[in-house]
Amino acid sequence: MLELRGFHGTNKFSLKKIKEEGFNICKNGWFGSGVYFYKDSVENALKWSKKKYKDNNCVIEINLKIEDKFVFDVTDANKKDVEIFHKIRKELIEQMQKVGNLAIDSRKNFDNVVFNYISKNLKKQIIIGNSFTYDEYNIPSRVPNGIEICIIDTRIIALKDLKEVERWEKNFIKKKLKT
């Protein structure tokens, strides 16, 4: 059994809507179509929220317990899931080339296609991967500054258990981000 703690950056209006109706699914995320959380990082969730919403920011905390067999973790390049990812990616590209259909929405985000295939065919509910969250300079980096959790099957999220990160925690984080 794997225990995960994640943080989702949003705003107050969206928090109310999430609690009433559930999360909106991100269709074009790097790790597939799902709801995104930062693993153990209030800081990155708050940074993302500030970039997207400017004000009325808030961060939602979630705690999940899930069987390992439903998790696909690509945070370590030397582990089996990364090997599986690249094998499937290669197979999908070769299949598309055979039928002359390598036209995809975004070559930059072909990983989304691969992760969606993996979640559907290997019955994975969560994808965990390294990521870089943009900072105030808005310049991308290939060196990750966090780990993201993409929850593909949102039925595993108990909306009643969502909690907003307390203000004192966010104020501590704000001070930490300034130094």
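Each value in this text was obtained by applying a stated rule to the coordinates, not by laboratory testing. Because the structure is a prediction, the values reported are computed rather than measured. FYI the Cβ positions are ideal-geometry reconstructions off the backbone, even for glycines, and counts take in every protein chain you see.
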Here are some pairs, Lys79/Lys120; Lys17/Lys65; Lys51/Lys87; which of them have Cα atoms lying more than 26 Å apart in this structure? Lys51/Lys87
Compute the separation of the alpha-carbon centres of the range 1-26 and the range 118-140 and state it in Å as a whole number. 16 Å
Would you list Val143, Val59, Val35 from fewest to most Cβ contacts within 10 Å? Val143, Val35, Val59
Rounding to the nearest 10 and keeping the result within 0 to 90°, find how far the Cα-based axis of helix 80-98 lies from the longest principal axis of the chain. 50 degrees
For the range 24-63: relative contact order, % (alpha-carbon pairs under 8 angstrom, 6 or more apart): 24 percent
With springs only between Cα atoms under 10 Å, which of Arg155, Arg142, Arg89 fluctuates most in a Gaussian network model of the chain? Arg142
If I build a Gaussian network model for the chain, linking alpha-carbon pairs within less than 10 angstrom, which residue out of Glu61, Glu148, Glu91 has the largest mean-square fluctuation? Glu91
To the nearest 10 degrees, the tilt of helix 12-21 (Cα long axis) against the first principal axis of the alpha carbons of the chain is 60 degrees
Relative contact order, percent, of the range 62-162 when contacts are C-alpha pairs under 8 Å separated by at least 6 residues? 30 percent
Mean Cα-pair separation over length for the range 1-151, i.e. relative contact order, pairs under 8 Å, 6 or more apart, %: 32 percent
